[in-house]
1. Mind giving me the nanometre distance, one decimal, between the label points for residue 68 and residue 129, set 7 Å out from Cα along Cα→Cβ?
2. So for the pair residue 110, residue 78, with labels modelled 7 Å out along Cα→Cβ, what separation do we get in nm?
3. Wrap a convex hull around the Cα atoms of the stretch 101-172, take a quarter of its surface area, and give that in square nanometres.
4. Kindly identify the stretch 62-154 as rounded, prolate or oblate by the Cα gyration tensor criterion: order the square roots of the eigenvalues as a ≥ b ≥ c, call it rounded if a/c is under 1.5, otherwise compare a/b with b/c, prolate if a/b is larger, else oblate.
5. Given a 1.4 Å probe, how much area per residue of the stretch 78-172 is accessible, in Å²?
6. Counting only the heavy atoms of the protein chains, how much of residue 68 is accessible to a 1.4 Å probe, in Å² to the nearest 10?
7. Please give the length that would be gained between residue 95 and residue 162 if that part of the chain were fully extended, namely 0.36 nm times their separation in residues minus their C-alpha to C-alpha distance (nm, one decimal).
Amino acid sequence: MRFTKVTVAAIGLLGAALIGTAAPAGAASGEAFSPDVAVAQPWLEDTATTSAVEGDVSIQQTAAGAIKWMSDRRGSTAYEGYCERAVRLAWNRSTHHASAIDHWRSSDGARHTTGTPPKGAFVFWNISQWGHVGIADGNGGFWSTSIGGKIGHAGSTGYFSNYLGWKPGNSN
């Protein structure tokens, strides 16, 4: 059987629908359960949107989506040494930079060296010849690789030394 993007998407939607109707693990009949309870995750609130194109299907990437991509990979070591790749994938960017420092020095977005980076902004440090980049949470912290040796969240851009500043996040 040949699978296309549409077939895979349909199977995924069907699976999500079936899972969404199932009772949570450990739920007994007659047990009080409310599927309407939401867990507060303020770092996922949306503040910026940018269209991206994947093949011939237009998708919408947002600051919240980029942060969610990082938070979904919390604890992963798969991108250690590849911070620029991680933020590019998080934002679903078509523009590639060889390193974080090349991204900072590029004409790809205005550089800001003061102020709290807005949610989803790229934040940069000069910590090696390649630099380092993460994604701002909008509250002075950021998501990045190399937080304790893995993808994680730090509460301040002061986590790494030699902070350079920020550029607006986008799916360019």
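1. If labels sit at residue 68 and residue 129, their model points lie 4.0 nm apart.
2. Computed distance between label sites residue 110 and residue 78 equals 3.6 nm.
3. Convex hull of Cα atoms, orientation-averaged projection: 4.5 nm².
4. In terms of gyration-tensor shape, rounded.
5. 43 Å²
6. Approximately 90 Å² of residue 68 is accessible to the 1.4 Å probe.
7. Result for the pair: 21.6 nm of gain on full extension.
The values are calculated or read from the model by the stated rules, or taken from the named source; none is laboratory data. Everything numeric in this text was worked out from a predicted model, so none of it was measured. A quick note on method: Cβ atoms are made from the backbone with ideal geometry, for glycine too, and the neighbour counts reach across all protein chains shown. Areas reflect the complete protein model, heavy atoms only, side chains present, ligands, DNA and RNA absent. Shrake-Rupley method; radii C 1.70, N 1.55, O 1.52, S 1.80 Å.
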